[in-house]
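Bear in mind that the values in this text are calculations on the coordinates, not laboratory data. Since the model is a prediction, treat every value here as computed from it, not as a measurement. Please note: Cβ atoms are built from the backbone with ideal geometry, for glycine as well, and neighbour counts cover all protein chains shown.
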Amino acid sequence: MMPMCIPRFRALATLGRGWTDERASQIVEFALSLPLLVLFVVGIFDFSGAVSLKQKLTNAAREGARVAAADPANDLGNGSAKIAPDSVADAFQVVDNYLASENISDCGLSVGTFTATGLTWVFTATGSPCGATAALVLTINRGCTQKVNAVNLVGTCVTIQYPYKWQFGSVSSLVGGKFTGPTSLTTTAMAFNEN
């Protein structure tokens, strides 16, 4: 009876040594932590790209508002359903040129449509060649007001809604997460009208 127990004991001892061997544990730890590392790296690049794009869009809106505010406001009644007034067209061109100079797609804004309501012109890109579900929308309001020391000052507000496609969402689904960020980045700039 004794000889039969010894081989079983040896087999259990060999199996126990396999569980205490630490050579393979590093590979298992790396395999478990790799998805999280990839998630962090993609998240850093994606969020920093969104912050950088928002800063560039803010600069574009600021330049557009500054140009329109410097133009005289006496042309605002001269616009038609097909042509925007010169001061609004100037702001539009400045924003569009700024986007081009920063290598940011204008998503077809230059061939898009616009609507005018009072002193507000809304330019909408046709389609969305930027790859997101939202469309690029540029709003130029030549009559926005801000109260400063109990006085309403009239200025020009330029708002840009730019579509943004997050890469972080597709990567987070690999580790069982779900991320749905905003579909567009929105920025607004205002400059007080000089004329």
Ranked by how many other beta carbons lie within 10 Å on average, peptides 168-174, 63-69 from highest: 63-69, 168-174
Rounded to a whole number, what is D in µm²/s for segment 26-192 from Stokes-Einstein with the Kirkwood radius over alpha-carbon pairs (10 °C, 1.306 mPa s)? 89 µm²/s
If you add up the charges near residue 188, with Lys and Arg at +1 and Asp and Glu at -1, over every other residue whose beta carbon is less than 15 angstrom from its beta carbon, what do you get? +4
Quick one: Karplus J couplings for segment 51-68, per residue in order, coefficients 6.51, -1.76, 1.60, θ = phi - 60°, nearest Hz, x for Gly and Pro? 5, 5, 5, 4, 5, 5, 5, 4, 5, 5, 5, 5, 5, x, 5, 5, 5, 5
Amide H within-cut-off set for residue 112, under 5 Å, with H built and near neighbours excluded: 126
What do you get when you divide the Cα radius of gyration of segment 34-96 by 2.2 N^0.38 Å, with N the number of residues? 1.81
Could you work out the percent of alpha carbon pairs in segment 59-122 separated by over 20 Å, rounded to a whole number? 26 percent
